[in-house]
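Chemist: One structure coming up, written as structure tokens, with questions to follow.
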Amino acid sequence: MSEQDEVILSVSHLKKYFQLSRTEVLKAVDDVSFEIHKGETLGMVGESGCGKTTCGRTCIGLYQKTDGTVLYRGQDIHNLNKTEQFAFRKNAQMVFQDPFGSLDPRMTVADIIAEGIDIHHLAKDNKDRSEQIFRYLELVGLNREHANRFVHEFSGGQRQRIGIARALAVQPEFLVLDEPISALDVSIQAQIVNLLIELQQKMGLTYLFIAHDLSMVKHISDRVAVMYLGTLVELTTSEQLYADPKHPYTKALLSAIPIPDPDVEEARDAVRIPLEGEVPSPINPGEGCRFRKRCRFAKEACGKTMPPLKDLGNGHFVACHLYDNDDE
């Protein structure tokens with residue numbers, strides 16, 4: 001088995017519901033399935049509130065699942081004993097969206113990075129501990145002089161680098177990157193994405209990259225999963241998704257990506273696909289496809305049954321009744 005064929009994470013029929021009241025249930029993630037292979041980056045995209053972050057957090061056990069399975073190297077992460085859970089926490093880490101709120105303002109950068117090193121006993125002595133702190137700082141583009149400073153002394157981009165260093169310090173192989181660039185200035189976003197690509201190549205990391213910026217997702221991802229209102233509507237390679245999207249929702253998202261050329265952008269206005277209608281409530285989405293009320297191609301079947309993910313060939317999956325009869 002080649003490294004690319006080795007499955008790190010296997011998610012099957014995952015559901016995560018939140019009980020809001022005695023009668024109301026928020027279906028944040030509803031019957032989602034996908035795999036992530038060793039060394040690849042799976043991008044997960046969709047509008048705010050579609051369940052991307054909840055899915056990512058449930059995949060590494062920060063949220064308990066409602067139903068379904070999440071297997072990490074064949075182990076059900078929601079059914080681990082304490083010893084297995086301790087090992088899993090070392091192997092799978094998360095980089096959070098807010099680089100300030102996720103870092104303890106009372107701790108120095110050195111202590112933030114060393115927290116995982118201490119918990120997992122990865123340093124032989126104090127000298128080795130300090131050397132590891134300096135190594136991870138330099139690995140993410142910071143200086144060893146930054147070690148004794150506090151989080152408030154850094155810019156947003158530097159804080160996110162500290163968050164990445166903290167995650168890497170326990171020597172994980174899988175990272176969930178929860179919109180790691182959305183809180184940063186546009187000028188800094190590309191730097192962080194390029195850093196993540198460089199670190200992946202150096203350390204053989206595997207990523208679940210959650211974002212709503214489709215242009216950045218294209219830059220970093222091998223494959224892309226498109227979510228809509230808690231469900232997975234399309235999954236394929238990054239190249240295939242951007243060249244030949246199949247789901248009407250994916251087509252609308254891609255048509256809205258801005259292009260930094262006024263002439264090209266003006267010409268695109270004619271082919272932009274506007275999304276009309278109201279987004280259904282995730283508490284009561286109704287029967288059938290959740291995109292049906294905003295879809296120009298909705299037909300009778302769309303209001304009756306939820307379309308399953310269908311393989312159109314070459315690993316291109318789409319959940320849409322338009323392809324029930326293999327017609328496009």
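Chemist: Measure nothing fancy, just the Cα-based angle from helix 186-203's long axis to the longest principal axis of the chain, in degrees from 0 to 90, nearest 10.
Modeler: 70
Chemist: What percent do you get for the relative contact order of the stretch 3-323 when only Cα pairs under 8 Å and 6+ apart count?
Modeler: Across the stretch 3-323, relative contact order equals 19 percent.
Chemist: Against the empirical 2.2 N^0.38 Å scaling, what ratio does the C-alpha Rg of the stretch 88-177 come to?
Modeler: 0.98
Chemist: Listing 238, 21 from the residue with the fewest other Cβ atoms within 10 Å to the one with the most, what is the order?
Modeler: Least crowded to most crowded, the residues run 21, 238.
Chemist: Which residues make up the longest stretch of the chain that has no chymotrypsin sites (Phe, Trp or Tyr not before Pro) in a DSSP loop with at most 16 other Cβ atoms within 10 Å?
Modeler: Longest site-free region, per DSSP loop and neighbour criteria: 101-296.
Chemist: Another one. Only loop residues by DSSP count here, and only those with at most 12 other Cβ atoms within 10 Å; note down the trypsin sites (Lys or Arg not before Pro) in the stretch 71-124 that meet that.
Modeler: 106, 124
Chemist: Rounded to the nearest 0.05, what FRET efficiency is calculated for residue 13 and residue 106 with R0 set to 30 Å and r the Cβ-Cβ distance?
Modeler: My answer for the efficiency is 0.10.
Chemist: Moving on. Which of rounded, prolate or oblate describes the stretch 4-154 when judged by the alpha-carbon gyration tensor and an a/c cut-off of 1.5?
Modeler: It comes out prolate by the Cα gyration axes.
Chemist: Can you give the calculated 222 nm mean residue ellipticity of the chain, where each DSSP H run of n ≥ 4 adds -39,500 (n - 2.57) and the sum is split over every residue, rounded to the nearest 500 deg cm²/dmol?
Modeler: Rounded to the nearest 500, it is -9000 deg cm²/dmol.
Chemist: Under a Cβ-Cβ cut-off of 11 Å, what is the net charge of the residues other than residue 54 that fall near it, where Lys and Arg count +1 and Asp and Glu count -1?
Modeler: So the environment of residue 54 carries a net charge of +4.
Chemist: Using Cα atoms only, what is the angle between the long axis of helix 156-168 and the major principal axis of the chain, expressed in degrees (0 to 90) to the nearest 10?
Modeler: That helix lies at roughly 80 degrees to the long axis.
Chemist: Exactly which trypsin sites (Lys or Arg not before Pro) in the stretch 167-266 are in a DSSP loop and have at most 15 other Cβ atoms within 10 Å?
Modeler: Nothing satisfies the criteria.
Chemist: As an exercise, identify the trypsin sites (Lys or Arg not before Pro) in the stretch 1-65 lying in DSSP coil whose Cβ has no more than 11 other Cβ atoms within 10 Å.
Modeler: Listed in order of number, the matching sites are 22.
Chemist: Now for a different question. Helix 126-139 against the longest principal axis of the chain: what's the angle in degrees, Cα atoms only, rounded to the nearest 10?
Modeler: Its long axis makes an angle of about 40 degrees.
Chemist: Name the long-range amide H neighbours of residue 68: under 5 Å, sequence gap of 5 or more, or other chain; modelled H, no Pro or chain starts.
Modeler: It is 15, by chain and number.
Chemist: I'd like the FRET efficiency for residue 62 and residue 237, computed as 1/(1 + (r/R0)^6) with the beta carbon distance as r and R0 of 25 Å, rounded to 0.05.
Modeler: The calculated FRET efficiency here is 0.35.
Coordinate-derived values only; no laboratory data. Model, not experiment: these values are computed from the prediction. Positions of Cβ are backbone-derived with ideal geometry, glycine not excepted, and every protein chain shown enters the neighbour counts.
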